[in-house]
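Engineer: Sharing a structure, written as structure tokens. Questions coming.
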Amino acid sequence: MTAVLAETIAEVLRPVVGGELPVRLKAWDGSEAGPENAPVVRLNSPDAIRRLLWNPGELGAAQAYVTGELDVDGDLNSALQQLWEVVRQRRLSGIRLTPGVIAGIGRIARSAGALGTPPAPPATQAKVRGRLHSLLRDRAAISHHYDLSNDFYGLILDPQMAYSSGYWTQEPGPGYGVEDAQRDKLDLVCRKIGLQPGMRLLDVGCGWGSLSLHAARHYGATVVGVTLSVEQKAFIDARIKEYGLEGQVEIRVQDYRQVPDGPFDAVASLEMGEHVGQKNYPVYARALFDNLAPGGKVLVQQMSRRGRHPGGGPFIESFIAPDMHMRPVGETLNFLEGAGFEVEGVEGMRRHYVRTLEAWYATFEQNQDRAEEMMGREVVRVWRLYLVGALRSFAEGRMGVEQMLCSRPAPL
């Protein structure tokens, strides 16, 4: 039997991709199609076609990639960079399923032996239930991402375990890396909110405690950090003992809506507001306001996004951060002002995130074998796709990140 699957796919997709395939496609039947010098995409199983048949576009492709049914030769970041360049040049904006394309997809499926029921979702795909942004569902969504494994995150992040954009005050190089950029970010936050010895700081969504510990050790603050991750609390509690900060830093597994002992002298929330949802954002903003003493300052560092996927896209929403919601920075500022805050300054940090993600991706690739031994092949493929997808989104301007400094007005 003649191997023709790749050629059939190329023919069917020609009107969808605006011409020749932007990749070199190699199918399991030995057929090939597409430019010789393009990134090589391998279809290793009929299940890859079946997934794309049931979930056309990003989600089906992501499912096939994380299971290994679809693969990309070489460096995934370079391949996606070339692919997006073709998308921009051809001004492609999405899949248009015309009757001819639908008939062609059916022909591909028959040729591939891929007709049938949809394959089961990958084991790494999130499973959260319940009312959107209820206390229980939010805890489950956060647990899916952040309770994965402290040791695994240690194979990606810097020793401070800072899981938000760094602030690069120098060019990356042998004498200045992501650990330095994260330290400079933590200093920047502490300076902006005016931390002084003895002040009480509330760290909302404290992660692995990089800000809570830095504020206590280097600025003399008394800190309460709240997280929904049991694993994160265990990690920070161990560091509190290591650094001798008992009585100065308290970490709680607690929802931001349930902090009972405000107001605090200052509040910070680094890349946590993306998880609270669109309808709940006024509740989040009001919680920050109510927990801040009059005259105090809050710093919110948060990702922003324009377009039709405020959750970050089907892959992110299904595998990484269920229920996440991002919006243009102006809309977030409206929410903060609506809660009663006075906006004092906004600093864009998109290019800083590009450098941060480049560093995380390089560290992850260096530790790939250890990560696979620890978590398994599918988790590693999910995280490679996640890190590269995030890197490309910030590098190409589809996402941004800003520090928003606000104050709670006090009588003059």
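Engineer: Of the options S212, N334, W360, report the single residue whose Cα projects farthest towards the positive end of the charge dipole of the range 135-407 (beta-carbon charges: Lys, Arg +1; Asp, Glu -1).
Structural biologist: N334
Engineer: Related question: Around S143, with a cut-off of 14 angstrom between Cβ atoms, what is the net charge of the other residues, counting Lys and Arg +1 and Asp and Glu -1?
Structural biologist: On the way: positive: K127, R129, R137, R139, K233; negative: D138, D147, E231, D255, D323.
For residues surrounding S143, the net value is 0.
Engineer: Report, in deg cm²/dmol and to the nearest 500, the calculated mean residue ellipticity at 222 nm for the chain, where each DSSP H run with n ≥ 4 adds -39500 (n - 2.57) and the sum is divided by the residue count.
Structural biologist: On the way: 15 runs with 180 residues, N = 412.
Calculated mean residue ellipticity at 222 nm is -13500 deg cm²/dmol.
Engineer: If you line up the long axis of helix 377-395 against the longest principal axis of the chain, both from Cα atoms, how many degrees apart are they, to the nearest 10?
Structural biologist: In the chain, helix 377-395 runs at an angle near 70 degrees to the longest axis.
Engineer: Moving on to the next point. Straight-line reach from K192: which aspartates and glutamates have Cα under 15 Å away, leaving out those fewer than 8 places along the same chain?
Structural biologist: D184, D203, D265, E342, E344, E347, E402
Engineer: Would you mind calculating the gained length between R257 and D290 on full extension (0.36 nm times residue separation, minus the Cα-Cα distance), in nm to one decimal? Spell out each step's value before the answer.
Structural biologist: Values: separation 33, 0.36 × 33 = 11.88 nm, distance 1.03 nm.
Taking R257 through D290 to full extension adds about 10.9 nm, to one decimal.
Engineer: Right, something else. In whole angstrom, and with the biggest value first, how far do the Cα coordinates of the range 5-112 range along each principal axis?
Structural biologist: Taking the Cα atoms of the range 5-112, the three principal extents are 32, 29, 24 Å.
Engineer: What residue among G173, G106, G205 has the largest mean-square fluctuation in a Gaussian network model of the chain, using Cα springs under 10 Å?
Structural biologist: Result: G173 has the largest fluctuation of those listed.
Engineer: In the chain, which longest range has no GluC sites (Glu not before Pro) that are both DSSP loop (not H, G, I, E or B) and surrounded by at most 10 other Cβ atoms within 10 Å? Don't skip to the answer; put the middle values down first.
Structural biologist: Numbers: sites that count: E36, E246.
In the chain, the maximal stretch lacking such sites is 37-245.
Engineer: Which residue, chosen from A112, I142, F394, occupies the Cα position most advanced towards the positive end of the dipole of the chain, where the dipole is computed from +1 (Lys, Arg) and -1 (Asp, Glu) charges on Cβ about the Cα centre?
Structural biologist: Towards the positive end, the residue furthest out is A112.
Engineer: Which of (i) 80, 42, 41; (ii) 84, 60, 43; (iii) 100, 45, 38 is the computed Cα extents along the principal axes in Å for the structure on display?
Structural biologist: (i)
Engineer: Is there a pair in K26/K127; K185/K297; K127/K233 whose C-alpha atoms are over 26 Å apart, and which pairs would that be? Kindly include the intermediate steps, with their values, before the conclusion.
Structural biologist: On the way: K26/K127 33 Å; K185/K297 17 Å; K127/K233 23 Å.
Listed pairs above 26 Å: K26/K127.
Engineer: Something else now. Among R51, R14, R110, R355, which comes first, second and so on when ranked by fewest other beta-carbon atoms within 10 Å?
Structural biologist: Working: R51 26, R14 14, R110 11, R355 21.
Least to most surrounded, the residues fall as R110, R14, R355, R51.
Engineer: Another question about this same structure. Using the alpha-carbon atoms, what tilt in degrees (0 to 90, nearest 10) does helix 58-67 show relative to the longest principal axis of the chain?
Structural biologist: 90
Engineer: Which trypsin sites (Lys or Arg not before Pro) in the range 252-324 pass both tests, a DSSP loop state and at most 10 other beta-carbon atoms within 10 Å?
Structural biologist: Working: sites: R252, R257, K279, R286, K297, R305, R306, R308; in loops: K279, R306, R308.
Listed in order of number, the matching sites are K279, R308.
Engineer: For a quick check, take a GNM of the chain with Cα springs below 10 Å and name the residue from S164, S229, S78 with the largest mean-square fluctuation.
Structural biologist: S78
Engineer: Over the chain, what is the relative contact order in percent, taking alpha-carbon pairs closer than 8 angstrom and at least six residues apart?
Structural biologist: Over the chain, the number comes to 15 percent.
Values in this text are rule-based calculations from the coordinates and carry no lab data. It should be emphasised that the depicted structure is a prediction, and the values quoted were computed from it without experimental measurement. Here the Cβ is made from the backbone with ideal geometry for all residues, glycine too, and neighbour counts use every protein chain on show.
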